[in-house]
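Peer 1: Quick one: the structure is below, questions incoming.
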Amino acid sequence: VLVSAMRIITKAVYPQDARGLRKSANLYFGLSIAMMFICLVCFNLVDRLPVIQYYKDLKLQAVQSEEDEEKNEKDTHCMSSWGSNLYYIVGRVKWYGIGILLIYVVTLSIFPGYITEDVHSELLKDWYSILLIAAYNVFDLVGKSLTAVYVIQNARIAVGASVARLLFYPLFLACLHGPKFFRTEIPVTLLTCLLGLTNGYFTSVLMILAPKVVHIQQAEAAGIVLVLFLVIGLAVGSVVAWFWVI
């Protein structure tokens, strides 16, 4: 969102020549460095929050209890136990992971490639793609923030909604080859906002729900498994995005 805001500001303020683009790039990288520093500071501060300490203590107690039960067992059994635990975690969170994978396959195959290359506006001209990207990022943030208000507790609904996002394909395709109205700014903008909103919300919901279906000492590993699904979704979505070009 911040980057999109900066792009709008720099495009409005700086001339679109080599000098203006250089100033925009310098501002972008300067802001990026500052944000990275702020994130590093916040990362170290978050670990000291009472809520984080509370859950770390819970995990430590659970791990200690498990170790007490297995302290007399052999190392070979421990290795097989580790493998079985990983298999158990993947089995428990696989549908959540598949939902996240589908979310990012759909999103990355449409955004930003389709948004920046395939749709055009005679009214907004080169501002069109910039505003669409900004709209997506804003609504993605709104979607992530909505989980602070309400989280769907039914995993089937959350995963089903992730599958239902496949409907974005025919809808965006209609914006390219459908009736004239669908090729105007309003439908494309609404679909882009909805794409961002559902991406942010359902990703957050699945990330919240999945670690709760395993034991607390396995929650961190479950999160890592989900991130693996997310990365695969990013990669597959980036490849699928080429079909819009083809």
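Peer 1: Roughly what would the spin-label model give for residue 46 and residue 164, points 7 Å off Cα along C-beta, in nm?
Peer 2: 3.0 nm
Peer 1: I'd like to compare 86-92, 122-128: which one has the highest average count of other Cβ atoms within 10 Å, and what's the full order after that? Don't skip to the end; give the middle numbers.
Peer 2: Working: 86-92: 15.0, 122-128: 11.6.
So the order, starting with the most tightly packed, is 86-92, 122-128.
Peer 1: Okay, moving on. Within 10 Å of each residue's Cβ, count the other Cβ atoms and sort 177, 120 from fewest upward. Walk me through the numbers on the way to the answer.
Peer 2: On the way: 177 8, 120 13.
With the sparsest Cβ surroundings first, the list reads 177, 120.
Peer 1: Using only the alpha carbon atoms of the chain, find the Kirkwood hydrodynamic radius as the inverse mean reciprocal pair distance, in angstroms to one decimal.
Peer 2: Numbers: mean 1/r = 0.0478 Å⁻¹.
With all distinct Cα pairs of the chain included, I get 20.9 Å.
Peer 1: Can you give the three extents of the C-alpha atoms in the stretch 1-48 along their principal axes, from longest to shortest, in whole Å?
Peer 2: Its Cα atoms span 47, 16, 9 Å along the three principal axes.
Peer 1: How far is helix 219-240 tilted, in degrees, relative to the longest principal axis of the Cα atoms in the chain, given as a value from 0 to 90 rounded to the nearest 10?
Peer 2: 30 degrees
Peer 1: So if I place +1 on the C-beta of Lys and Arg and -1 on the C-beta of Asp and Glu, and nothing else carries charge, what would the dipole magnitude of the chain be about its Cα centre? I want it in debye, nearest 20.
Peer 2: Numbers: 19 positive and 17 negative charges, 156 e Å.
It works out to roughly 740 debye.
Peer 1: Next question. With a 10 Å cut-off between alpha carbons and a GNM built on the chain, which of 229, 37, 139 moves the most?
Peer 2: Maximum among the listed residues: 37.
Peer 1: Mean shadow of the stretch 80-147, computed from the convex hull of its alpha carbons, in nm²?
Peer 2: Numbers: hull surface 26.0 nm².
In nm², the orientation-averaged hull projection of the stretch 80-147 is 6.5.
Peer 1: Go through 184-192, 26-34 and give me the packing order, highest mean Cβ count within 10 Å leading.
Peer 2: Numbers: 184-192: 17.4, 26-34: 11.8.
My ranking of the peptides, most packed first, is 184-192, 26-34.
Peer 1: Rounded to the nearest 500, what is the 222 nm mean residue ellipticity of the chain from helices alone, with -39500 (n - 2.57) per DSSP H run of 4+ residues and division by all residues? Mind dumping the intermediate values first?
Peer 2: Numbers: 11 runs with 194 residues, N = 246.
Taken over the chain, the calculation gives -26500 deg cm²/dmol.
Peer 1: Run through all the Cα pairs of the stretch 129-246 and give the fraction in each 5 Å bin from 0, expressed as whole percent.
Peer 2: Going out from 0 Å in 5 Å bins, the stretch 129-246 shows 2, 10, 15, 21, 21, 14, 9, 5, 2, 1, 0, 0 percent.
Peer 1: Among 9-22, 151-164, how do they line up by average Cβ neighbours within 10 Å per residue, starting with the highest?
Peer 2: On the way: 9-22: 11.9, 151-164: 15.6.
Put in order of decreasing packing, that is 151-164, 9-22.
Peer 1: Please go through the residue pairs 56/212; 23/144; 56/94; 125/180; 144/212; 11/144 and name each one whose alpha carbons sit more than 21 Å apart in this structure. Write down the numbers at each step before the final one.
Peer 2: Working: 56/212 15 Å; 23/144 32 Å; 56/94 25 Å; 125/180 18 Å; 144/212 18 Å; 11/144 28 Å.
Violating the 21 Å limit, Cα to Cα: 23/144; 56/94; 11/144.
Read the figures in this text as sums done on the coordinates, not as results from a lab. Predicted model, so just to flag it, every value in this text is computed and none were measured. Quick reminder, even Gly has a Cβ in these numbers, built from the backbone with ideal geometry, and neighbours come from all protein chains shown.
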